[in-house]
1. Among residues belonging to segment 798-837 that are among the β-branched types (Val, Ile, Thr) and open to solvent by 20 Å² or more (accessible area, probe 1.4 Å), point out the one that is farthest from Gln865 (Cα to Cα).
2. Please work out if Asp296 is among the charged types (D, E, K, R) and either at pLDDT 55 or above or at positive phi (or both).
3. Is there a residue in segment 35-47 that is at pLDDT below 90, in contact with a Ser or Thr (Cβ under 8 Å, 6 or more places away or on another chain), in a loop (DSSP other than H, G, I, E, B) and open to solvent by less than 20 Å² (accessible area, probe 1.4 Å)?
4. Out of the residues in segment 292-311 meeting the condition of being open to solvent by 40 Å² or more (accessible area, probe 1.4 Å), under 29 Å from the mean Cα position of the chain (by Cα) and not acidic (Asp, Glu), tell me which one is nearest to Pro204 (Cα to Cα).
5. When you go through Pro455, Pro519, Pro515 one by one, which is the residue that is open to solvent by 60 Å² or more (accessible area, probe 1.4 Å), free of Cβ contacts under 8 Å to residues at least 60 places away in the same chain, farther than 22 Å from Trp586 by Cα and more than 18 Å from the chain's Cα centre (by Cα)?
6. Is it true that some residue in segment 587-596 is within 17 Å of Leu622 (Cβ to Cβ), open to solvent by less than 40 Å² (accessible area, probe 1.4 Å) and either within 17 Å of the chain's Cα centre (by Cα) or modelled with pLDDT of 90 or more (or both)?
7. State all residues of segment 378-418 that are under 24 Å from the mean Cα position of the chain (by Cα) and either among the small types (Gly, Ala, Ser) or on the phi > 0 side of the Ramachandran plot (or both); if no residue qualifies, say none.
Amino acid sequence: MATGKPKRSPEVIEDILIQRIFLVTLTNTDNKQVMYLEKMAVENLREGKSLLLNRDLMDEVLVGKLSGQFSGKSLFQYLTGCYGRAFEEGKKISNMKDVDLQSSLLNGVIKPAKKLLARYCQIDLCNPDMFPHSEKISAGSALLQIIFSAVSQNSNACGNEFLNEFFTETDDYEIMAPIFKDLYDRLKHEISKVNDSPLGNFVPPLKVFRMLVRFPNGGKALVNHPLWLPKGEAVNGRVIEEESILGSFFHISHLTDVMISGQPDFELLDSSNSSASHLFELSSANLPAIMCNLYDGLEDILLCLLNSKDTRERVLEYMGDVIERNSSRAHMNIDKVTCASSGMFVNLSVVMLRLSDPILNCLAKRDKIDARYVSIGTRLNLRRLTTLHATEEEIGAWADENKYGKSQYGFICECFFMTARVLNLGLLKGISECKSLTKDLSTFKRVLTEVEAQPTTPYSLEEIARLNRLIGLQSNEKSSYEFQLDNNLQQALSFYRLMIVRLVDSVGGFKMPLPRSCPVEFGCMPEHFVDDAMELLIFSSEVIPKKLDPYLLNDFMNFIIMFIASPNYITNPYLRAKMLKLLNCWTIKRNDSATAGSPYQGHQLALASPFQGHKLALGQYLVGSLLKLYVDIEFTQFLEKFFIRNQITQLLKYVWEEPSHLDAWKKFAKEEEKGVYLNFLNFLINDSIYLQDEGLNKIRKLKEMDKQRKMVKEREDRTDESHSEVEEEPHSESQSDVERDIREYIALALDNINMLAFTSEQITAPFLLPQMVERIANMLNYFLVQLVGPKRNSLSLKNAEKYGFEPRILLRKIISIYVHIARDDKENTFAAAICKDGRSYSDKLFTEVAKVRGLGEDGNWMELQEFANLGAKVRLVASEAMDAEAALGEIPDEFLDPIQCTLMTDPVTLPSSNVTVERSVIERHLLSDTKDPFNRSHLTQDMLIPDVQLKSRIDEFVRSRIQHTS
């Protein structure tokens with residue numbers, strides 16, 4: 001009977017296993033790959049020991065092997081080869097049916113052998129002189145290929161296991177630090193090669209980086225590396241980006257870095273090259289996945305470092321230094337030599353938003369955001385930034401108050417403020433650059449159109465090609481910025497929602513009215529915190545409105561309504577004007593407001609939802625806030641205020657047509673009849689007069705320019721001279737400039753007059769107040785003179801509709817205002833003010849209106865009749881006024897108002913100059929200027945002192961004269 005192969009004993013199996021792993025034997029052999037450890041064998045025979053290798057001899061066997069001869073391989077290669085064989089033998093043993101033997105071999109031989117080999121790899125790299133045949137190779141060159149292989153192949157379990165064994169075999173930092181340093185040096189070199197072109201194949205180096213920092217000693221060695229955070233006087237933001245290890249990875253971007261010459265377009269990279277450096281075919285289709293890989297890796301690296309107490313502080317130090325050394329990125333023009341690239345800061349913005357995610361998903365954690373960080377935080381210098389409201393003295397006092405308090409802040413607090421600063425210097429700066437690119441693109445396209453319209457020449461062909469290249473490059477760059485915002489919008493909005501909720505906490509939450517004085521915690525916050533939120537929302541609303549979540553906008557809506565008209569909380573009027581612009585983005589544009597090509601066109605309904613059923617908006621607060629802002633804007637740049645106010649006008653027109661807002665408007669007008677609302681009407685009238693005047697003057701100027709051109713043409717025809725020999729009279733403005741000004745001024749003025757027309761129909765009382773009635777009457781009379789007076793023909797203009805100038809429509813609006821106010825003029829106050837206007841009023845004006853053809857074509861003939869009736873009433877009042885004036889005769893100078901030289905009826909004394917004036921006259925002055933007109937000292941209505949005795953004498957004078965004439 002045949003017998004099977006004799007079964008090997010465990011001792012024999014162990015001997016064979018160790019021979020295969022270490023390539024050694026204690027018995028002579030002809031196998032040249034296996035070393036015969038003769039000395040050890042002789043020693044065993046002398047002592048009567050077995051010549052079988054066992055687990056207890058592995059250390060001795062390895063020393064014997066390392067002390068012997070090597071051919072063709074370094075010691076390190078031999079050791080890693082042994083590890084690979086141990087790994088493979090382990091897989092075979094795992095299939096053994098004998099469970100006990102399997103366990104014995106795995107736990108007694110394989111695992112100890114791997115551990116032993118990893119330790120000797122460390123010894124060989126750290127102390128190469130210990131063995132006679134060591135080649136003294138660097139740790140980086142020895143390990144980096146193994147690491148690259150391990151991270152690039154998911155199936156390379158052996159490499160990953162070896163590296164894990166190698167880096168965790170000892171926790172002695174002093175032993176491992178030099179190895180990690182050499183690896184980071186080489187990794188820096190590898191990623192620098194990738195950065196020679198935008199978005200080269202950064203994935204393998206990034207995976208290596210992620211692996212290294214996961215080891216405790218790896219993270220510690222990184223933050224102690226000389227290139228973790230370069231130091232020295234010459235170090236700036238650009239140096240940190242280019243020289244620091246982490247900065248080199250944050251530099252990877254599809255955004256163009258102008259400091260790198262010869263950088264190709266990322267779409268044009270050679271996709272046919274199958275080498276590692278061109279692993280990805282870069283296109284808009286796979287760009288999101290590519291960038292996500294980058295952000296995943298950078299986030300993972302920072303989280304690993306932040307989760308260790310040995311490295312957290314150095315990471316925060318790095319972030320703080322990067323922010324501070326790049327603070328000038330906030331300037332209008334970035335110094336690209338000293339500042340890090342936009343690509344780095346956009347990447348940093350995205351990663352910081354990711355790190356902030358736990359706070360954003362749980363608003364309750366905002367309690368850990370300590371506002372005192374602004375005044376006494378040492379990592380960031382936030383005190384130098386412009387604040388929402390606080391003065392330098394107030395900031396200093398708050399800092400002194402807090403200096404003995406908390407000196408250290410939790411990660412949530414530091415992460416919040418660092419993210420706010422990074423977004424300001426990164427993502428928000430990217431928005432600014434995107435807007436500049438859009439403007440440049442528009443210019444290039446316009447120039448291209450002009451060049452293409454010219455006769456073809458070699459120069460024009462070259463110029464067309466150049467412009468097309470520029471347009472292509474600018475378009476790609478603009479798309480890159482839009483891509484970044486598009487893909488990170490929700491996260492950024494969530495952050496700024498947290499920002500504004502935290503700010504509102506400091507004033508008592510979302511409720512109105514606000515506390516009378518601004519809390520120092522709110523006032524000391526950097527202004528750009530709010531400014532950035534508004535910029536992000538405006539850009540998103542105009543460019544990618546479909547990405548906006550109406551629900552998310554509610555808190556922003558609340559915030560705007562609370563602070564848009566609160567200069568004692570947000571000092572900067574331009575920031576509050578930015579809030580206004582945002583509100584306009586969110587409203588439904590009706591009729592001609594939703595013009596073709598408008599950024600709002602096609603998505604108004606989606607963005608109108610913040611106004612629908614909104615708690616604060618439905619109260620008086622939205623209307624009141626807008627009207628207050630209208631008044632506040634008076635103190636900004638002269639020309640800018642008209643455009644800002646026009647935005648308010650557009651928004652007010654929208655809310656007027658909403659019943660709930662209209663009720664709030666009426667309530668506010670009644671409560672503030674002699675306060676804010678009166679100021680609003682005064683500035684509305686002032687602006688209307690100025691804008692209409694400028695528009696009409698520009699029309700006359702345009703006509704004069706046309707007249708001069710005709711004269712030149714006539715001279716040419718008479719003298720038969722060429723055009724080049726005849727000189728036109730020079731103008732400081734071009735015709736296109738004048739035409740543009742006409743369109744702007746007329747449009748702005750018409751919007752203002754339109755507002756006076758529709759508001760006066762339902763809110764009349766303020767127009768009839770003594771300090772207002774003459775203002776509105778004078779304005780209406782003045783416009784009437786322009787439109788139907790003796791010089792009206794000077795405004796006739798060919799193609800007037802081209803400039804938006806339609807005198808008939810304007811006249812209808814003027815008539816409507818007259819009629820609306822007259823309807824409530826029970827005491828003939830308005831009629832008296834009309835005829836009192838000695839500069840513009842004449843009875844003939846009212847009769848001339850009836851001669852204008854087409855005024856009643858749209859069905860407003862009833863208003864025309866009311867206007868005619870008003871004219872008759874004014875004639876009667878004027879006649880009575882003349883009789884009364886004749887009856888008074890010569891009026892003593894002491895009874896005359898020194899400003900208008902009219903009889904005073906309610907004299908008041910100005911406390912500073914001690915001059916006595918008519919109350920209605922000085923109150924009208926104070927609507928525009930809170931200064932005493934005689935000495936420019938501060939003056940308000942409540943400071944006026946009634947002159948009772950003088951009034952009594954005036955009344956007696958009037959009474960006696962009337963009695964005398966009767």
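1. For segment 798-837, the residue satisfying everything is Thr829.
2. Yes; evaluated as a whole, the condition is true for this residue.
3. yes
4. Among residues in segment 292-311 that are open to solvent by 40 Å² or more (accessible area, probe 1.4 Å), under 29 Å from the mean Cα position of the chain (by Cα) and not acidic (Asp, Glu), the one nearest to Pro204 (Cα to Cα) is Asn293.
5. Going through Pro455, Pro519, Pro515 in turn, just one is open to solvent by 60 Å² or more (accessible area, probe 1.4 Å), free of Cβ contacts under 8 Å to residues at least 60 places away in the same chain, farther than 22 Å from Trp586 by Cα and more than 18 Å from the chain's Cα centre (by Cα): Pro455.
6. no
7. Passing the criteria: only Ala390.
Residue-wise test of (1) closer than 30 Å to Asp906 by Cα; (2) at pLDDT 95 or above; (3) in a helix (DSSP H, G or I); (4) not acidic (Asp, Glu).
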| site | (1), (2), (3), (4) |
| --- | --- |
| Phe767 | yes, yes, yes, yes |
| Tyr782 | yes, no, yes, yes |
| Ser794 | no, no, yes, yes |
| Lys802 | no, no, yes, yes |
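The values are calculated or read from the model by the stated rules, or taken from the named source; none is laboratory data. If you're wondering where the values come from, they're calculated on a predicted model, not measured in any experiment. Heads up, the Cβs are rebuilt from the backbone with ideal geometry, glycines too, and the neighbour counts pull from every protein chain shown. Only protein heavy atoms, including side chains, enter the accessible area calculation; ligands, DNA and RNA are left aside. Shrake-Rupley method; radii C 1.70, N 1.55, O 1.52, S 1.80 Å.
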